[in-house]
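Here's the structure, in structure tokens; my notes come after.
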Ligand code: NAD
């Protein structure tokens, strides 16, 4: 079994670390927020007062943090203190450019490192069924895999460093566009006198089907487990979708890509997030009525 440092024990990191403990690993955790520390300790994580102490004897170091700026700052602190031969895994959602930068900083200190962002939300983190999108060398991917397994439903090697974040940003831009389009279809259908159930039944068996309608249906009724049945309690919060679309806009600008629908979706979510950042992102339908 492996000694794993887990830095960032929040909504996602807390349950991910708990699943590593359940799998028999020794987990050394750090988070500046006392509440997060308390919950992690109750799940069997041994916590430390600083990140530097948490990584001291770890064979694997996992970060699950809010932003690229925080990951970069923390890497500066921990890289000189990390044990020789350790593998670094960053599962935070950050930009491709930041992911490549920390990979190269890790390499300068002699460490293998992968970006391994996830999808599946807090539910997937608790259940140990997250989808990991991994960027890094084949050797680093093979080394990371056994550590990821207790937290994962699916692990995909997407390519070299940054490729995991590239996959994540493209998927979430696509999802944002689809969720808005599904909302538009329901509003139009209502105005045409078509019932929500009829539209749901037709689309989920037809060419317009996608996760945004089948699972995350933005009207109550047709899919009883979707957030629309629960006052749009997330789910996937608008604040997080807004953050991911900000990363998509950066990626579009950096690469000179054309993505008019992605850009429009980002503008709509930016404005929706000003009032409703804590609602599930499918609640964007309420702005269309
Ligand atoms: P969160 O805010 O609940 O947790 C982040 C944790 O990092 C907090 O507990 C915070 O105290 C801690 N932290 C901040 N600075 C730190 C530092 N210097 N050292 C150690 N810990 C530090 O966020 P979350 O929902 O757990 O998300 C974490 C990452 O996962 C984000 O990048 C997010 O975009 C991504 N993500 C979240 C979801 C989701 O559904 N919540 C889904 C997929 C991906």
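I need the full set of residues from the range 104-134 which are surrounded by fewer than 24 Cβ atoms within 10 Å (Cβ to Cβ), modelled with pLDDT of 95 or more and assigned to a loop (DSSP other than H, G, I, E, B), in order please. Once the filter is applied, which keeps residues that are surrounded by fewer than 24 Cβ atoms within 10 Å (Cβ to Cβ), modelled with pLDDT of 95 or more and assigned to a loop (DSSP other than H, G, I, E, B), the range 104-134 yields 109, 110, 111, 128, 129. In this structure, is residue 179 crowded, with 23+ Cβ neighbours inside 10 Å and either within 26 Å of residue 233 (Cβ to Cβ) or modelled with pLDDT under 95 (or both)? Answer is yes for this residue.
Against the definition (away from the ligand (no atom under 16 Å from the Cβ), crowded, with 22+ Cβ neighbours inside 10 Å, part of a helix (DSSP H, G or I) and at pLDDT 95 or above), how does residue 252 come out, yes or no? The answer is no for residue 252. Does residue 100 qualify as being part of a helix (DSSP H, G or I), touching a residue at least 40 places away in the same chain (Cβ under 8 Å) and more than 13 Å from the ligand (Cβ to nearest atom)? Yes, satisfied. Does the range 223-247 hold any residues that are touching a helix residue (DSSP H, G or I) at 6+ places or on another chain (Cβ under 9 Å), away from the ligand (no atom under 13 Å from the Cβ) and in a helix (DSSP H, G or I), and which are they? Within the range 223-247, 228 is the sole residue that qualifies. Residue count for the range 75-94 satisfying the condition of being within 11 Å of the ligand (Cβ to nearest atom) and touching a helix residue (DSSP H, G or I) at 6+ places or on another chain (Cβ under 7 Å): 7. Each residue in the range 34-74 was checked for being near the ligand (Cβ under 10 Å from one of its atoms), without any contact (Cβ under 8 Å) to a residue 24 or more places away in the chain and under 24 Å from residue 128 (Cβ atoms), and 1 of them qualify.
Does the range 184-198 contain at least one residue that is farther than 25 Å from residue 282 by Cβ and touching a helix residue (DSSP H, G or I) at 6+ places or on another chain (Cβ under 7 Å)?
Taking the range 184-198 as the starting set, the residues that turn out to be farther than 25 Å from residue 282 by Cβ are none.
Looking for residues that are farther than 25 Å from residue 282 by Cβ and touching a helix residue (DSSP H, G or I) at 6+ places or on another chain (Cβ under 7 Å), one finds none in the range 184-198, hence no.
For the range 145-155, filtering for residues that are closer than 18 Å to residue 94 by Cβ and not in a helix (DSSP H, G or I) leaves 0.
Scanning the range 1-13 for residues that are within 14 Å of the ligand (Cβ to nearest atom) and closer than 25 Å to residue 85 by Cα returns 5, 6, 7, 8, 9, 13.
The values are calculated or read from the model by the stated rules, or taken from the named source; none is laboratory data. Just so it is clear, the structure is predicted and the values come from calculations on it, not from any experiment. Cβ sites come from the backbone with ideal geometry, for glycine too, and all protein chains shown count toward neighbours.
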